[in-house]
Each structure stands twice: as C-alpha cells, then as structure tokens.
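Colleague: Here it is, the structure in full.
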Amino acid sequence: DGRPKWDNKFQYILSCIGFAVGLGNVWRFPYLCQIHGGGSPASLPYRPLPPQEERIPLLHLELALGQCLRKGSIGAWNTISPYLGGVGVGSWMVSVLVSLYYNTVLTWVMWYFMNSFQEPLPWSVCPLNENRTGLNEECYESTAVNYFWYRKTLNVTPDVTESGTLQWWLILCLATCWAIVYLCTIRGIETTGKAIYVTAIFPYLVLTIFLIHGLTLPGAADGLAYLFTPNLNTLKNPRVWLDAATQIFFSLSLAFGGLIAFSSYNPPKNDCEKDAVTVAIVNSMTSLYASIPVFSVLGFKATTGYWDCLDRNIISIINEFDLPEESIMRQNYTAWISFLNSSYPEKTAGLKLKSCDLQEFLDQSVSGTGLAFIIFTQAVILMPGSQAWAILFFIMLFCLGLSSMFGNIEGVFTPLLELQIISKSIPKELLSGILCLICFIIALCFTLGSGSYWIDIFDSYAGSLPLLVIAFFEVIGVAYVYKIKRFSKDVKWMTGRKPNLYWQITWRFISPLLLLIVFVAFVSLQIQKPPTYAAWNPKYEDFPMKEEKVYPPWVLAICVLLAVLPCVFVPLVALFHLIKRTCRRKD
C-alpha cells in the first residue's frame with residue numbers, strides 16, 4: 001500500500017521501548033518508592049496485582065489495532081466507528097501538548113549538559129554579590145545547586161502571575177532541541193528508526209556504568225536497603241495503590257496514539273501479543289534496574305550529608321570542651337553524646353547540636369525535575385571525576401527524552417498525513433519542519449520566568465486525566481462497539497492464534513473497571529483541596545523553603561481547560577455524527 005515499514009523487527013521493538021521508557025522511569029518511579037517507604041511500593045506496580053491488569057491488555061489492544069488497520073490514531077478509531085473519532089482526536093491533542101512539555105525538559109537538560117564542560121561545575125559554587133563584597137545572598141541562604149537551577153537556569157519569578165522575561169539561553173537551547181527533533185523525525189520512521197538505535201540503547205549503557213560506580217560509593221548499601229526493605233504498613237494506604245496504578249499506566253505511554261502509529265508500520269502478519277508482553281516486561285525491568293544506581297547515588301548523598309552533620313557537631317563539641325583533635329570520631333560520636341548529656345547536660349544543650357539521623361537524609365524526597373536537576377546534581381558534585389559523571393548523566397536524560405519525543409511526534413505526524421487535509425504535493429520534510437516550528441513558537445512561553453510553573457501545569461493536567469479518559473473509551477470502543485469476537489478474529493488472523501481467556505476477560509471487564517476506579521479516585525483526590533503550586537520566593541519568610549500558593553482563578557481555568565479539552569472531543573465527535581446521521585434520515 002506504499003506505507004513505510006520498519007527495517008526489521010528489532011527496530012520496531014526498540015522504538016516502542018524507547019517511547020515507553022522515558023524520564024519517568026528514572027525520576028518518577030524512584031520518587032514513589034521513596035515517599036512510600038521503599039521496598040513495598042517499589043515492587044507493587046511490577047507484581048501480578050490488580051493494577052497490572054489495566055496496562056498490558058491495553059498495550060496489546062493498541063498494538064493490535066494499529067497493525068490490523070494500518071492507520072494512525074484518528075484514522076484507526078474512525079475506521080472502527082465514526083462515533084469514536086473523538087478518541088483519536090483526543091489522543092492526538094494530548095500528544096501535541098506532551099510534546100511541548102517533553103521538549104522543554106530537553107531544553108533544560110541541554111543547558112545543564114553545556115554547563116557540564118566547565119570546571120568547576122557551575123552549580124557547585126555560589127557567585128559573588130553585585131558589589132563583589134561577599135557571596136550572593138540568595139545562593140548563600142539556599143545552596144549553589146538550588147541557585148543555579150532556579151536563578152541561573154529558570155530565572156524563576158516568585159509567582160505564576162508574573163511572567164518575567166524570555167531567557168535567551170533557554171531560547172537557544174529550545175531551538176537546538178527542536179532542530180534535533182526535526183532532523184530525527186524529518187521522514188518519520190525512516191529517520192527515527194535509525195536514530196533509535198542510539199537513543200534507546202545508550203541510556204542502558206550509562207545506567208550500567210552508574211550502577212557499577214554507584215555500588216562502590218560509600219552509603220550505596222544504605223540506599224539499596226532503603227529501596228528494597230518492605231514497609232508493609234503502606235499497603236493499608238489507598239494512596240499507595242492509586243500511585244501504583246497511575247505509575248504503571250503512564251509508564252507505558254498508553255493512549256497517546258504513538259504506539260498505534262508505530263504498530264501501523266508493521267507487516268499485517270506479526271505477533272503483536274508477544275510484542276506487547278515484551279515491551280511491558282522491559283519497561284518494568286528498566287524501572288527497577290534504573291532504581292538501583294539512583295538509590296545507590298541517593299544513599300551516597302544521604303551518607304555524605306549525615307557525615308557532614310556529624311563532623312559539624314564534633315567540631316562544636318571539641319571547641320566547646322577543649323578536647324584533643326580526633327578524640328571524637330564518627331564511630332564513637334553516639335557514646336560521647338550520651339556521656340556529655342549525662343555529665344554536662346546544660347553545657348551540651350547550649351551547643352544546639354543538630355540532630356543527625358541517616359534515615360532523615362534518606363527520606364528527603366523530591367520528584368521529577370527536582371530529582372534530576374537538584375538532588376542528583378548535588379550528589380554528582382561529591383563524586384570523584386564529577387564533570388564526566390555530569391556529562392554522562394545529562395546525555396542519558398537527553399536520549400531518554402528524545403526517544404519519547406519520537407513516539408509523540410509520530411502520534412501527531414501520522415494522523416496529519418492520513419487525514420488528507422494537507423496536499424500530498426507537500427513533502428514530508430516541509431510538513432515536519434512546519435510542525436516543529438509551530439511547536440517551537442508555542443513553547444517559547446516556557447522560557448519565560450514563569451515557564452517552570454506552566455510546565456508543571458502541563459504535566460499535571462494535560463498528561464494525566466485525559467489519558468485515563470481516552471484509554472477508557474479505547475477499551476470500551478473495542479470491547480462493545482467493534483466487539484471482542486470480531487477483534488479476536490483479527491488478532492487470530494495476525495498472530496495465528498485466538499486471544500486466550502485472560503485477554504478477553506480483561507478487555508471486557510477488568511481493564512475498563514480498573515480505569516474507571518483509578519479515574520474516580522484520581523479526581524476525588526484532586527478536588528479534596530484547592531490546587532496549589534510551590535513558588536521559589538527569596539522574600540518568603542521561610543526561604544529557602546518553597547512558598548505554597550493557590551492558583552488564581554484564571555490559571556485554574558486554564559488547568560481545567562487542559563484537562564477537559566482533549567476529553568471533550570469524544571462526545572462532541574459522536575454528537576456530530578449522530579446529528580449528521582439524523583439529518584440524512586430526514587432527507
């Protein structure tokens with residue numbers, strides 16, 4: 001049919017894995033492990049528990065759908081039923097919005113990567129103040145790492161309503177990132193299929209290097225013990241199950257349309273069931289595999305912070321009691337504290353020694369960009385050869401984000417080619433260039449001083465709730481509109497065997513029910529309190545703690561719009577076709 005095709009099966013599997021395995025595997029999954037106490041939540045999403053039943057059947061469904069109909073998301077759902085065309089439009093819109101988010105994160109990664117070549121690392125030291133009479137006050141009150149992220153990178157405003165100015169260094173990085181995306185996606189899978197060999201495989205190489213080095217760092221064992229030690233009490237917390245369910249759902253990049261587009265370039269006779277299971281297993285194992293070097297490094301950072309706390313207290317005690325140097329060591333610190341508290345309680349209390357607890361340092365958690373640009377960079381500074389580790393780390397993040405961008409762009413690009421609203425005389429290269437240019441212009445708003453706040457809004461509202469709604473209607477559309485019996489015949493024709501009872505039950509009942517439960521629970525948690533955001537405000541009385549602020553009404557309206565807009569196309573398109581059909585009957 002003249003449709004492009006993959007060079008080989010491995011290229012296709014790599015593309016699906018690269019799309020599914022993204023930044024969330026490196027910074028979202030470890031964060032959930034950390035806030036819920038380690039071992040139990042770490043294993044929840046990847047054991048055969050109920051949350052697992054919502055994602056693999058849906059992954060199999062999307063891959064089979066694209067391969068059978070050989071169309072992108074909009075074309076595939078229109079073919080099943082014109083009434084379901086809104087499902088394809090919604091997933092297309094989510095892909096556009098998430099592409100803007102992902103490429104902005106790549107912009108930040110590129111900025112850090114460029115600064116990694118400076119010695120010493122720019123985020124390791126505080127600059128002088130304007131009068132050059134001392135250290136910059138904002139940096140001195142927080143840390144050099146925080147200052148470089150919030151002031152030298154984002155130049156963040158203290159409020160989402162204050163736009164600030166465009167940051168020229170971010171504009172240059174943003175333009176470079178979109179240029180790289182354009183070059184890699186210039187001819188669809190014909191070019192991304194070549195680039196994926198690097199962008200999908202290289203992160204595993206870097207993770208392995210970090211794993212080997214991380215295990216040799218002091219404190220690595222404490223970090224890994226924190227990761228794998230179960231906290232069974234957390235199983236009683238409904239939030240743990242909700243986080244597990246949402247993580248395993250979002251981690252496979254379902255309902256974006258990219259997987260449907262990728263599988264549409266397969267030969268019709270291909271084992272899509274085996275592909276779905278393979279991608280799901282690799283994705284799960286990657287999250288666990290990435291957590292080991294991450295927690296090794298976090299354990300190293302926690303141990304270093306714990307030792308620094310002990311050393312400061314030891315110096316204060318030695319100076320106050322005029323003790324010989326090295327009389328108090330880290331090893332005998334606890335014994336000395338017990339002795340001094342019993343012998344000189346008032347004098348010891350007057351020192352106002354800090355409480356040093358390794359567990360507290362391990363419990364310090366931060367999600368998303370904070371883990372990559374603050375916590376991990378802080379740990380990298382402490383490593384021998386920190387510059388090389390920083391370069392490797394940010395190249396890995398860039399490859400992870402770029403692989404995900406391939407899927408998002410394919411989810412946007414493929415339906416545009418198939419809708420025939422654009423003349424076929426326009427070459428792919430030009431269409432791809434126009435698409436990237438429009439996205440670049442829209443994404444300029446994220447280079448403003450308030451850009452990071454808007455990125456969080458896009459992440460929280462455009463890339464969460466709409467996906468649950470779209471996925472629900474996908475499985476309902478196949479199970480009850482297209483019919484499971486008919487779909488099973490298609491799968492049998494493609495794979496040579498009929499889907500077993502497990503697939504049929506999950507498609508009919510379990511997957512839609514779980515998606516509905518997760519949707520209701522997700523919305524219930526969101527409406528329990530007004531949406532807030534954490535603002536970096538140097539004038540805040542508790543600075544460097546972030547100031548928690550409530551979104552103003554007009555920003556809240558945009559949040560609701562981002563969440564509702566992709567979903568509203570589902571009923572609107574169905575209503576349009578219903579009215580159209582009614583009018584035809586009257587004629």
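Colleague: Those residues that are among the β-branched types (Val, Ile, Thr) and closer than 18 Å to Ala255 by Cα, I need them from region 457-480; list them, please.
Modeller: Val469, Ile470, Val475, Ile476, Val478 - these are the residues of region 457-480 that are among the β-branched types (Val, Ile, Thr) and closer than 18 Å to Ala255 by Cα.
Colleague: Name every residue in region 497-529 that is of a type in the set (Ser, Thr, Tyr) and exposed (fewer than 15 other Cβ atoms within 10 Å of the Cβ), in order of residue number.
Modeller: If the condition is that a residue be of a type in the set (Ser, Thr, Tyr) and exposed (fewer than 15 other Cβ atoms within 10 Å of the Cβ), then Tyr502, Ser524 are the ones that fit.
Colleague: Let me ask something else about it. Spot the failing condition for Ile426; the list is (1) among the aliphatic types (A, V, I, L, M); (2) farther than 17 Å from Glu410 by Cα; (3) in a helix (DSSP H, G or I), and only one is missed.
Modeller: Ile426 satisfies every listed condition except (3).
Colleague: Oh, and also: Looking for whichever is open to solvent by 40 Å² or more (accessible area, probe 1.4 Å) and closer than 30 Å to Gly219 by Cα here; the options are Gly401, Gly385, Gly370. Which one fits?
Modeller: Values: Gly401 fails: open to solvent by 40 Å² or more (accessible area, probe 1.4 Å); Gly370 fails: open to solvent by 40 Å² or more (accessible area, probe 1.4 Å).
Just one listed residue meets the conditions, Gly385.
Colleague: While we're looking at this one, here's another question. With respect to Ala220, is the statement that it is under 30 Å from Ile426 (Cα atoms) and not β-branched (Val, Ile, Thr) true?
Modeller: no
Colleague: Considering only residues of region 112-143 that are closer than 20 Å to Met383 by Cβ and of a type in the set (Val, Ile, Thr), which is surrounded by the fewest Cβ atoms within 10 Å (Cβ to Cβ)?
Modeller: Per the stated criteria, the residue is Val125.
Colleague: What's the number of the condition Asn131 fails, among (1) in contact (Cβ under 8 Å) with a residue 40 or more places away in the chain; (2) over 22 Å from Ala534 (Cα atoms)?
Modeller: The number of the failed condition is (1).
Colleague: Would you mind stating whether Leu172 is touching a residue at least 60 places away in the same chain (Cβ under 8 Å) and among the hydrophobic types (A, V, I, L, M, F, W, C)?
Modeller: Numbers: touching a residue at least 60 places away in the same chain (Cβ under 8 Å): no; among the hydrophobic types (A, V, I, L, M, F, W, C): yes.
Taking the combined requirement at face value, the residue does not satisfy it.
Colleague: A follow-up question, please. When you go through (1) of a type outside the set (D, E, K, R); (2) within 25 Å of the chain's Cα centre (by Cα); (3) under 21 Å from Lys71 (Cβ atoms) one by one for Ile426, which number turns out not to apply?
Modeller: (2)
Colleague: Please indicate, with yes or no, whether at least one residue in region 545-554 is among the basic types (Lys, Arg) and surrounded by 11 or more Cβ atoms within 10 Å (Cβ to Cβ).
Modeller: Yes - at least one qualifying residue is present in region 545-554.
Colleague: Sticking with this structure for a sec: Against the condition of a type in the set (Gly, Ala, Ser), under 21 Å from Gly257 (Cα atoms) and open to solvent by less than 20 Å² (accessible area, probe 1.4 Å), how does Gly451 come out, does it pass? Working first, answer last.
Modeller: Values: of a type in the set (Gly, Ala, Ser): yes; under 21 Å from Gly257 (Cα atoms): no; open to solvent by less than 20 Å² (accessible area, probe 1.4 Å): yes.
No; evaluated as a whole, the condition is false for this residue.
Colleague: I'm checking my understanding of the structure. Among residues of region 191-233 that are of a type in the set (S, T, N, Q) and surrounded by fewer than 19 Cβ atoms within 10 Å (Cβ to Cβ), which one is nearest to Leu358 (Cα to Cα)?
Modeller: Residues of region 191-233 of a type in the set (S, T, N, Q): 191-192, 199, 208, 216, 229, 231, 233.
Okay, now just the ones that are also surrounded by fewer than 19 Cβ atoms within 10 Å (Cβ to Cβ), so 191, 208, 216, 229, 231, 233.
Values: Thr191: 49, Thr208: 26, Thr216: 19, Thr229: 15, Asn231: 17, Asn233: 21 Å.
Among those that are of a type in the set (S, T, N, Q) and surrounded by fewer than 19 Cβ atoms within 10 Å (Cβ to Cβ), it is Thr229.
Colleague: While we're on this one: Can Gly350 be described as loosely packed, with under 12 Cβ neighbours inside 10 Å, more than 19 Å from the chain's Cα centre (by Cα) and at positive phi?
Modeller: When the stated conditions are applied, Gly350 does not pass them.
Colleague: Restricting region 285-331 to residues that are touching a Phe, Trp or Tyr at 6+ places or on another chain (Cβ under 6 Å) and open to solvent by less than 50 Å² (accessible area, probe 1.4 Å), which is nearest to Trp389 (Cα to Cα)?
Modeller: The extreme case among them is Pro293.
Colleague: Okay, moving on. Could you check Pro267 against (1) without any contact (Cβ under 8 Å) to a residue 60 or more places away in the chain; (2) open to solvent by 70 Å² or more (accessible area, probe 1.4 Å); (3) not in a helix (DSSP H, G or I) and say which number it fails?
Modeller: If we test Pro267 against (1) without any contact (Cβ under 8 Å) to a residue 60 or more places away in the chain; (2) open to solvent by 70 Å² or more (accessible area, probe 1.4 Å); (3) not in a helix (DSSP H, G or I), just (1) comes out false.
Colleague: Mind listing whichever residues of region 489-545 are among the acidic types (Asp, Glu) and part of a helix (DSSP H, G or I)? First the steps, then the outcome.
Modeller: As a first pass, look at region 489-545 and keep what is among the acidic types (Asp, Glu): 490, 541-542.
Residue satisfying the conditions is Asp490 alone.
Colleague: Do we have any residue at all in region 574-585 that's open to solvent by 70 Å² or more (accessible area, probe 1.4 Å), in contact (Cβ under 8 Å) with a residue 40 or more places away in the chain and not polar (S, T, N, Q)?
Modeller: Within region 574-585, one or more residues are open to solvent by 70 Å² or more (accessible area, probe 1.4 Å), in contact (Cβ under 8 Å) with a residue 40 or more places away in the chain and not polar (S, T, N, Q).
Colleague: Would you mind finding the one in Phe339, Phe361 that is surrounded by fewer than 16 Cβ atoms within 10 Å (Cβ to Cβ) and either over 30 Å from Cys177 (Cβ atoms) or in contact (Cβ under 8 Å) with a residue 12 or more places away in the chain (or both)?
Modeller: Being surrounded by fewer than 16 Cβ atoms within 10 Å (Cβ to Cβ) and either over 30 Å from Cys177 (Cβ atoms) or in contact (Cβ under 8 Å) with a residue 12 or more places away in the chain (or both) holds for just one of Phe339, Phe361, which is Phe339.
Colleague: All but one of (1) in contact (Cβ under 8 Å) with a residue 24 or more places away in the chain; (2) farther than 19 Å from Leu174 by Cβ hold for Ala443; which doesn't?
Modeller: All conditions pass for Ala443, except number (2).
Colleague: Need pairs with beta-carbon distance below 8 Å; first residue among the acidic types (Asp, Glu) and within region 214-240, second in a helix (DSSP H, G or I); sequence gap 6+ or separate chains.
Modeller: Listed by first residue and then by second, the contacts come to Asp222/Gly299; Asp222/Ala302; Asp222/Thr303; Asp222/Leu358; Asp222/Leu362.
Colleague: While we're on this one: Is there a residue being open to solvent by 50 Å² or more (accessible area, probe 1.4 Å) and acidic (Asp, Glu) anywhere in region 150-161?
Modeller: So far as region 150-161 goes, no, none of its residues is open to solvent by 50 Å² or more (accessible area, probe 1.4 Å) and acidic (Asp, Glu).
The values are calculated or read from the model by the stated rules, or taken from the named source; none is laboratory data. Note that this is a predicted model, so its numbers are computed, not measured. So basically every Cβ, Gly included, is an ideal-geometry build from the backbone, and we count neighbours across all protein chains shown. SASA here: full protein model, heavy atoms, side chains in, ligands and nucleic acids out. Shrake-Rupley method; radii C 1.70, N 1.55, O 1.52, S 1.80 Å.
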